[in-house]
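What follows draws every value from the coordinates through simple rules; no lab data is involved. Model, not experiment: these values are computed from the prediction. Note that each Cβ is placed from the backbone with ideal geometry, even for glycine, and that neighbours are counted across all protein chains shown.
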Amino acid sequence: MNGSNGIEGIVGLAVCCVPVGLVLLIPTIWLIATYNRFGRLGQHVKESWSGVDVELKRRHDLIPNLVETVKGYAAHERATIEAVVAARSRAMEAGESLRERVEGESAVGQSLGRLVALAEAYPALKADGHFLELQRELAITEDRIAASRRFYNANVRELNALRIAFPSNLVAGAFGFGEQRFFELADAAERTAPSVRV
């Protein structure tokens, strides 16, 4: 009889502990899943930034060829040409800070716009096949930068939305998942790619 009571007691204790175990298990599973989601979204943000970075480097590589072509036709436009070269150098030397990168790239975009606009004043430059090809490549690159920027910003938006939503904001605060910055252009004119006129 005592053995039977002992087994019944163990079974009763086990039945009583199952709900307590579930109460502890469900939040633990949620915590792990939310933490992993933050990690996954953080990797998406890094991956999408690398896509932006590749396109920005592509633009940086086009600039010397474009500058040299313009120099041949518009050598006395020294200030515009030097502004492009200086902006490119600053952008390439920008630190890891997104703010620094965006400011540097904004300066590159503005100076490139002025450089491309020089073609209007120089009909021979405007008709140069090499210049037209470089200008076309630059327009394609600007489109790619815009697409990469949209993809990056979409990932940032998703991560930031998770970071501020309750109850996932508790996980964000506890584990230091901070706000990510969008890659935005300050000047509305920079939002459009340089036009190619043939």
Multiply the residue gap between Arg58 and Asn36 by 0.36 nm, knock off their C-alpha separation, and tell me the result in nm, one decimal place. 4.6 nm
Phi-derived 3J(HN,Hα) across segment 81-98 with the Karplus relation (6.51, -1.76, 1.60, θ = phi - 60°), rounded Hz, x for Gly and Pro, is 5, 5, 5, 5, 4, 5, 5, 4, 4, 4, 5, 5, 8, 4, x, 7, 5, 4
Where q = 0.14, 0.15 Å⁻¹, what log10 of I(q)/I(0) comes from the Debye formula for segment 2-191, counting one point per Cα? -0.85, -0.91
For segment 19-129, report the translational diffusion coefficient in µm²/s to the nearest whole number, using Stokes-Einstein at 25 °C, 0.890 mPa s, and a Kirkwood Rh over Cα pairs. 142 µm²/s
Going from the fewest other Cβ atoms within 10 Å to the most, one would list Phe183, Phe166, Phe151, Phe177 as Phe166, Phe151, Phe183, Phe177
